[in-house]
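Chemist: For reference, the structure I am asking about is given below.
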Amino acid sequence: MANSATSPPISFFSSSIFLTTTSTHQNPKTLFSTFKPISLKPLFHCPNHTSPIRSDLATLPILSFDGSKIGETTLNLKSAPPETSRAVVHRGIITDLQNKRRGTASTLTRGEVRGGGIKPYPQKKTGRARRGSQRTPLRPGGGVVFGPKPRDWTIKINRKEKRLAISTAISSAAVNTVVVEEFGDRFEKPKTKEFIALMKRWGIDPKEKSLFLMTEVSENVKLSSRNIGTLKMLTPRTLNLFDVLNSDKLVFTQAAVDYLNEIYGYDYDGETEVGYEDYEEEEQEQEQEKEGSEDALTSLHWFNSQSIFLAFVLRLNSQQLNLHRQARICFKSGGLDIGIHSNPNTT
């Protein structure tokens, strides 16, 4: 049967993407000493510093106290890219929930339970299983095996990452967001029925979970809304990711929108486009800085290869010397004397 031509196996050093010539088989030791690293240059102009954080701009109508539209406002917040937004929000919500755990649950082991120091009955001659203590976990009133102990459940998260999670969650809920005018001074006295009627005028179902964000909450508004179980009245100090994700409707005042744009908004300061000439100058400066490091790296690889070759030669020479050596064992008075000589003719 004729032998079919088979292609050589692909390995790290035989792959063509790591070589600059057409040869597919080279000595791995000569790669670093012969060729220099290939500098990959962009085929088209792109900024050097590209931020993965994007800006979600949403235009929202402003509703008056009677429910009519009186203007528009923009909500421009930072948002994580789609491929990482779920991970960022998940990390933020897990941090909030985990940091609320007190971690005070505690149980007693068999060594901490009071009593049980005496052996209940003798080891033998009873016909029963041996038992050393009445506080064994197998008995009622005994210790607990692998029970909870006080521990600290808090985990850390970066401040920017936490703010990015909140802004991503708010920007993703822009469709269910309502912006209203300031209504804190409209309530002369606490009245829950009037507050529910106000929510209906804004198109908010009192049975749905809603979140109100206001910079200042008056006492009458607070007392009027506290009896509504599906409503959360928050301020910038109490704003959290869990309540944002747990709400069906978000209601912001104009002052709250300004606060969100200031704290969680996208900062355009310093975001200037880089011209093609500036990009070329920066690229030349980077190449000049890399030349010294590449030369040092090449010399280091060459020194390592020469060191490996020298060590290999020294090892061969030592093996040849060991073959020519001869061990002489001499028994002298009461002891054993071992002498090693390189010359076999030496007596």
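Chemist: Residues in the range 186-194: is at least one closer than 30 Å to Leu60 by Cα, surrounded by fewer than 16 Cβ atoms within 10 Å (Cβ to Cβ) and under 45 Å from the mean Cα position of the chain (by Cα)?
Modeler: yes
Chemist: Only one of Leu75, Leu108 is under 29 Å from Leu239 (Cα atoms) and surrounded by 12 or more Cβ atoms within 10 Å (Cβ to Cβ). Can you tell me which? Working first, answer last.
Modeler: Details: Leu108 fails: under 29 Å from Leu239 (Cα atoms).
Going through Leu75, Leu108 in turn, just one is under 29 Å from Leu239 (Cα atoms) and surrounded by 12 or more Cβ atoms within 10 Å (Cβ to Cβ): Leu75.
Chemist: Regarding the range 151-167, can at least one residue be identified that is surrounded by 11 or more Cβ atoms within 10 Å (Cβ to Cβ), hydroxyl-bearing (Ser, Thr, Tyr) and more than 30 Å from Thr107 (Cα to Cα)?
Modeler: Looking through the range 151-167, at least one residue is surrounded by 11 or more Cβ atoms within 10 Å (Cβ to Cβ), hydroxyl-bearing (Ser, Thr, Tyr) and more than 30 Å from Thr107 (Cα to Cα).
Chemist: Looking at Ala255, is it modelled with pLDDT of 90 or more, more than 23 Å from the chain's Cα centre (by Cα) and more than 20 Å from Ile93 (Cα to Cα)?
Modeler: On the way: modelled with pLDDT of 90 or more: yes; more than 23 Å from the chain's Cα centre (by Cα): yes; more than 20 Å from Ile93 (Cα to Cα): yes.
So Ala255 passes the test.
Chemist: How about the range 65-82: which of its residues are over 30 Å from Gly184 (Cβ atoms) and assigned to a loop (DSSP other than H, G, I, E, B)?
Modeler: Answer for the range 65-82, where residues must be over 30 Å from Gly184 (Cβ atoms) and assigned to a loop (DSSP other than H, G, I, E, B): Ala80, Pro81.
Chemist: List every residue pair whose Cβ atoms lie under 8 Å apart, where the two residues are 6 or more positions apart in sequence or sit on different chains, the first residue falls within the range 163-174 and is closer than 10 Å to Asp56 by Cα, and the second residue, located anywhere, is basic (Lys, Arg).
Modeler: Ser167/Lys78; Thr168/Lys78; Ser171/Lys78
Chemist: Which of (1) at pLDDT 75 or above; (2) in a loop (DSSP other than H, G, I, E, B); (3) of a type outside the set (Gly, Ala, Ser) does His45 not meet, given it meets every other one?
Modeler: Failed condition: (1).
Chemist: Please indicate, with yes or no, whether at least one residue in the range 153-163 is over 30 Å from Gly265 (Cα atoms) and either assigned to a loop (DSSP other than H, G, I, E, B) or under 26 Å from the mean Cα position of the chain (by Cα) (or both). Before the answer, list the steps.
Modeler: Taking the range 153-163 as the starting set, the residues that turn out to be over 30 Å from Gly265 (Cα atoms) are 153.
Going one step further and asking which of them are either assigned to a loop (DSSP other than H, G, I, E, B) or under 26 Å from the mean Cα position of the chain (by Cα) (or both), we end up with 153.
Looking through the range 153-163, at least one residue is over 30 Å from Gly265 (Cα atoms) and either assigned to a loop (DSSP other than H, G, I, E, B) or under 26 Å from the mean Cα position of the chain (by Cα) (or both).
Chemist: Would you say Ser85 is under 20 Å from Lys160 (Cβ atoms), outside any strand (DSSP E or B) and touching a strand residue (DSSP E or B) at 6+ places or on another chain (Cβ under 8 Å)? Even if it seems obvious, please write down each step before you answer.
Modeler: Details: under 20 Å from Lys160 (Cβ atoms): yes; outside any strand (DSSP E or B): yes; touching a strand residue (DSSP E or B) at 6+ places or on another chain (Cβ under 8 Å): yes.
When the stated conditions are applied, Ser85 passes them.
Chemist: Only one of (1) surrounded by 13 or more Cβ atoms within 10 Å (Cβ to Cβ); (2) in a loop (DSSP other than H, G, I, E, B) is not met by Asp96, so which one is it?
Modeler: (2)
The values are calculated or read from the model by the stated rules, or taken from the named source; none is laboratory data. What you see is a predicted model; the values in this text were computed from it and never measured. Virtual Cβ from ideal backbone geometry, glycine too; neighbours counted across all protein chains shown.
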